[in-house]
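The values are calculated or read from the model by the stated rules, or taken from the named source; none is laboratory data. Source: prediction; values computed, not measured. Every residue, glycine among them, receives a Cβ derived from its backbone with ideal geometry; neighbour counts consider all protein chains shown. When the accessible area is computed, the model is the full protein with side chains, heavy atoms only, and any ligands, DNA or RNA have been set aside. Shrake-Rupley method; radii C 1.70, N 1.55, O 1.52, S 1.80 Å.
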Amino acid sequence: MVVEYFGHAAFLLQTKKANILIDPFLTGNPFFEKTLDALPVIDYIFVTHGHGDHLGDTLEIAKKTGATVVANPEICHYLQLEKVMTVQPSGYIPCDFGRFKAVVATHTSSIDKGETKIDGGMAFGYVFDVDGLRLYHAGDTGLHSDMALLKDEAIDVALLPIGGYFTMDIMEARRAATMIAPKTVIPMHYNTFDVIQEDPTNLKIDGIETIIMAPHETITFN
Ligand code: NI
Ligand code: MN
């Protein structure tokens with residue numbers, strides 16, 4: 001699997017059977033230097049919650065590529081697309097690239113609609129089992145003790161927010177990583193905005209590899 005980071009919480013997973021976008025906040029993302037047209041064919045878009053810096057370009061990309069959007073019921077209803085998978089925190093759900101499940105994130109999920117905000121349901125993280133790798137994208141979340149449940153799941157790669165203010169800060173991300181005990185942590189959701197400035201090199205956890213991905217860097221996991 002090839003993982004590409006677009007900055008903020010946006011990742012592209014190019015797996016053997018599907019290309020998966022997570023939280024495609026690309027337009028307006030200061031780290032995203034490509035155009036939407038330069039994206040490969042997208043098969044799935046996973047949305048962790050309704051905030052604009054995560055829902056992002058989901059609608060436009062889904063309409064253009066026919067990707068299936070995976071999100072909570074409120075976001076799926078809002079999008080009014082034909083190809084959606086409406087999910088909840090659950091057990092693993094099988095699909096053509098492997099399987100996945102939504103997990104709890106402690107965060108809100110409102111959707112901006114014009115000048116108002118509408119209810120965007122519950123915020124999620126996602127765990128993916130794909131190409132022999134188990135990857136956790138935490139979404140936007142504060143530190144919470146349910147993360148300790150992931151320790152039993154032998155997570156290979158954990159994508160954790162470190163920027164603080166809206167999410168865990170780097171100290172809490174370190175505690176989260178200690179609870180989850182993944183092989184590798186990749187920090188995300190920092191330096192995009194003034195209030196989430198952080199130096200990711202400060203994320204050091206005994207026994208866990210930290211990989212700091214530059215925007216548009218790719219990493220291949222076997
Ligand atoms: Ni958010
Ligand atoms: Mn966010």
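Averaging over all projection directions, find the projected area of the Cα convex hull of region 71-127 and quote it in nm² with one decimal place.
Mean orientational projected area (region 71-127, Cα hull): 4.4 nm².
Of Tyr5, Tyr92, which has the most accessible area with a 1.4 Å probe, and how do the rest follow in descending order?
Result of the area sort, largest leading: Tyr92, Tyr5.
Residues of region 93-129 with the amide nitrogen closer than 17 Å to a label point 7 Å from the Cα of Val2, along Cα-to-Cβ, please.
Answer for region 93-129: none.
So if I average 1/r over every pair of distinct C-alpha atoms in region 1-65 and take the inverse, what Kirkwood radius in Å does that give?
This gives a value of 11.6 Å.
Over the chain, what percent of the accessible surface lies on carbon and sulfur atoms, probe 1.4 Å?
Solvent-exposed carbon and sulfur of the chain make up 51 percent of the total.
Could you give the length gained by full extension between His77 and Asp112, i.e. 0.36 nm per residue of separation minus their alpha carbon distance, to one decimal place?
11.2 nm
Considering only DSSP beta bridges with both partners in the chain, what is the antiparallel share in %, to the nearest 5?
So the antiparallel bridges amount to about 60 percent of the total.
Enter the accessible area of Val195 (Å², nearest 10), with the probe set to 1.4 Å and all protein chains included.
Its accessible surface works out to 70 Å², give or take rounding.
Helix-only mean residue ellipticity at 222 nm, the chain, DSSP H runs n ≥ 4 weighted -39,500 (n - 2.57), per residue, nearest 500. What is it?
-3500 deg cm²/dmol
Using the Kirkwood formula on the Cα atoms of region 29-144, what hydrodynamic radius do you get, in angstrom to one decimal?
14.8
Highest GNM mean-square fluctuation, the chain, Cα pairs closer than 10 Å: which of Tyr78, Tyr44, Tyr136?
Tyr78
How large, in Å, is the chain by the Kirkwood hydrodynamic radius built from its alpha-carbon pairs?
Value: 17.1 Å, from the Cα pair sum.
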